1. Of the conditions (1) touching a strand residue (DSSP E or B) at 6+ places or on another chain (Cβ under 6 Å); (2) of a type outside the set (Val, Ile, Thr); (3) at pLDDT 80 or above; (4) exposed (fewer than 13 other Cβ atoms within 10 Å of the Cβ), residue 247 satisfies every one except a single condition; which number is it?
2. Yes or no: residue 253 at pLDDT 80 or above, in a loop (DSSP other than H, G, I, E, B) and among the aliphatic types (A, V, I, L, M)?
3. Please work out which one of (1) within 22 Å of the chain's Cα centre (by Cα); (2) of a type outside the set (D, E, K, R); (3) on the phi > 0 side of the Ramachandran plot is the condition residue 135 fails and give its number.
4. Within segment 1-56, track down each residue that is at pLDDT below 85, open to solvent by less than 60 Å² (accessible area, probe 1.4 Å) and touching a His at 6+ places or on another chain (Cβ under 9 Å).
5. Does residue 281 satisfy the condition of being loosely packed, with under 15 Cβ neighbours inside 10 Å and either more than 30 Å from residue 372 (Cα to Cα) or at pLDDT 80 or above (or both)?
6. In segment 151-164, is there at least one residue being in contact with a strand residue (DSSP E or B) (Cβ under 7 Å, 6 or more places away or on another chain) and either open to solvent by less than 70 Å² (accessible area, probe 1.4 Å) or part of a helix (DSSP H, G or I) (or both)?
7. Please specify each residue of segment 128-150 satisfying the condition of being among the aliphatic types (A, V, I, L, M), over 18 Å from residue 64 (Cβ atoms) and assigned to a loop (DSSP other than H, G, I, E, B).
8. Residues in segment 287-307: is at least one in contact with a Phe, Trp or Tyr (Cβ under 8 Å, 6 or more places away or on another chain) and at pLDDT 85 or above?
Amino acid sequence: MSELKGRLWFVLGALVVYRLGAHIPVPGIDPTVLGKLFDAQSGGILGMFNMFSGGALKRFTVFALGIMPYISASIIMQLMSVVSPKMEQLKKEGEAGRRQITKYTRYGTVVLATFQALGIAIAFESQAGLVLDPGLAFRLTTVVTLVCGTMFLMWLGEQITERGIGNGISIIIFAGIVAGLPHAVGSTLELAQTGAFSIPLVVFLFAAILMVTALVVFVERGQRKITVNYAKRQVGNKLMGGQTTHLPLKLNMAGVIPPIFASSIILFPATLAGWFGSSERMYWLKDIASVLSPGQPIYILLFAAAIIFFCFFYTALVFNPKETADNLKKSGAFVPGIRPGEQTAKYIDKIMGRLTLIGAFYITLVCLLPEFLILKFNTPFYFGGTSLLIIVVVTMDFMAQVQSHLMSHQYEGLLKKANFKGGASVR
């Protein structure tokens, strides 16, 4: 029990360090102009990245990039493990291969963070009055500061994973999103006090939040269990095997990756078009930016289509039915009524396709909810979508990890009472 408390205190301390760093600004920026820029771009990719960074990007602090470069590098490495035979071989080499992939992921994080930091510095210099002293010194300071901040967050997340509870990277993202909830609740209550929102509307919004959260929890826990039987085999004089178990397939195998990819791909060109479309020659970029802005019909259609596509794409990336069928065949297991090998792979792939279709529609519904709330009621917060999925999934994983630690300690206590811990003494 003391070990669990120590791990919880370590997680809390790491999050305090993270939130402190999210308020240390990068020098050379006018905060007033920056605030106006983010207010104008709140629905674009800046608003999404600011949400993931816990408001650090809007304040342009040392943690402005957040942990997103590391996540992007991890996803790229997953893609490379499928495309590149060398990376696929490393993935099969166990712990040594995992360490090598981790090293490549860190190198990729540095490259992506450097590219993003330089892009932000150049984009900020294009905004009139935002940068106090534009030039090479500002760009160098920005790149070094933001890259170091991202690498520190990556290290902090790894420390939380090893010395704390749960996945450290997910917990850092979770903390950044949750940090904006008090402001969203306060803004809603303030609108209710001023009369902009009626009391029934506020009650409806909070009831909708609870219902959607319950839906997310229900679906994220949903599984399709495929019955698997193990063939009986002779081991010496004993007949082993014959057990029946289940192969669980999650309804949402892709997790939160599809909405993140979809938002980035659609909002990134729209944000660039909004920045560089101010000149008379590039006025047509303004039209593209307005068409692809959140709330527009084309944006909603493209967003929904991109989510569905990435659900199938990422599920196919992380789950291989043929490999699963081969593993079942090697272990002497089979699905009742289905021949082992290729027929089992086709059967699992068919079920996985149906589950992914349902999961894709579920993620699309949850992610489009904030668009409809903002259009219909002009809500002052961005509830739903990726943020809600991350909050629910990370919370469920964290509670499962805590329960696992409690169960392991109870098991050790039972062994100690039975004098089995460390082996019973023989007399």
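The values are calculated or read from the model by the stated rules, or taken from the named source; none is laboratory data. In this text the structure is predicted, and so the values were computed from the model without any measurement. When we count neighbours, we look across all protein chains shown, and the Cβ atoms used for this are built from the backbone with ideal geometry, even at glycine. Remember, those area values only see protein heavy atoms, side chains included, never the ligands or the DNA or RNA. Shrake-Rupley method; radii C 1.70, N 1.55, O 1.52, S 1.80 Å.
1. (4)
2. So residue 253 fits the description; yes.
3. Evaluating residue 135 over (1) within 22 Å of the chain's Cα centre (by Cα); (2) of a type outside the set (D, E, K, R); (3) on the phi > 0 side of the Ramachandran plot leaves (1) as the failure.
4. Selection gives 4, 55, 56.
5. yes
6. Checked segment 151-164: no residue is in contact with a strand residue (DSSP E or B) (Cβ under 7 Å, 6 or more places away or on another chain) and either open to solvent by less than 70 Å² (accessible area, probe 1.4 Å) or part of a helix (DSSP H, G or I) (or both).
7. Across segment 128-150, the qualifying residue is only 128.
8. Checked segment 287-307: at least one residue is in contact with a Phe, Trp or Tyr (Cβ under 8 Å, 6 or more places away or on another chain) and at pLDDT 85 or above.
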